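Below you'll find the structure, written out as structure tokens, and then a few comments.
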Amino acid sequence: MTPPRRLSGPDPEYTLQALEHEVEGTMLVRCVLTVEGTVHDCSVLRSLPFMDRAVIEALERRRYSPALENGKPVEVSYVFTVKLRL
């Protein structure tokens with residue numbers, strides 16, 4: 001399988017609370033990536049304080065190249081690694 005590549009969309013925006021607490025680290029978020037390259041049905045596997053909703057919203061606004069299996073686009077459950085640094 002060829003993994004998806006990010007084509008467009010925002011990076012997560014820090015929440016006020018996350019900024020105040022200087023939150024940094026890595027989140028893991030599992031989402032469904034469609035053959036059209038859209039992201040939905042996300043769930044957080046590894047969280048950071050005050051950032052779950054902001055990260056999910058950013059992922060769901062992004063567009064990706066679809067995952068390919070035998071050269072054909074397929075819908076997949078994909079784990080995104082999101083690194084947050086101030």
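Evaluating 6.51 cos²θ - 1.76 cosθ + 1.60 at θ = phi - 60° for every residue in the range 71-86, the Karplus couplings come out as x, 10, x, 9, 7, 9, 8, 10, 9, 8, 9, 10, 9, 10, 9, 7 Hz, glycine and proline recorded as x.
Taking label points 7 Å from Cα along the Cα-to-Cβ direction, S65 and H40 give a separation of 2.4 nm. Under a model in which nothing but the beta-carbon of Lys, Arg (+1) and Asp, Glu (-1) is charged, the chain shows a dipole of about 320 debye around its Cα centre. Sorting S47, S65 on solvent-accessible area from highest to lowest, probe radius 1.4 Å, gives S47, S65.
Rolled with a 1.4 Å probe across the full set of protein chains, the surface gives R5 an accessible area near 150 Å². A dipole drawn for the chain from +1 and -1 charges on Cβ atoms has a positive end, and of M27, Y78, L68 the residue lying farthest that way is L68. Could you check how much of the accessible area of the chain is carbon and sulfur, as a whole percent, using a 1.4 Å probe? C and S atoms contribute 48 percent here.
For GluC sites (Glu not before Pro), the sites in the range 1-50 that DSSP calls loop and that have at most 10 other Cβ atoms within 10 Å are E22, E36. With protein chains left intact and a 1.4 Å probe, residues in the chain average 62 Å² of accessible area per residue.
The values are calculated or read from the model by the stated rules, or taken from the named source; none is laboratory data. Remember, it's a predicted structure, so these values are computed and weren't measured experimentally. FYI the Cβ positions are ideal-geometry reconstructions off the backbone, even for glycines, and counts take in every protein chain you see. What goes into the accessible areas is simple: the full protein's heavy atoms, side chains included, and nothing from ligands, DNA or RNA. Shrake-Rupley method; radii C 1.70, N 1.55, O 1.52, S 1.80 Å.
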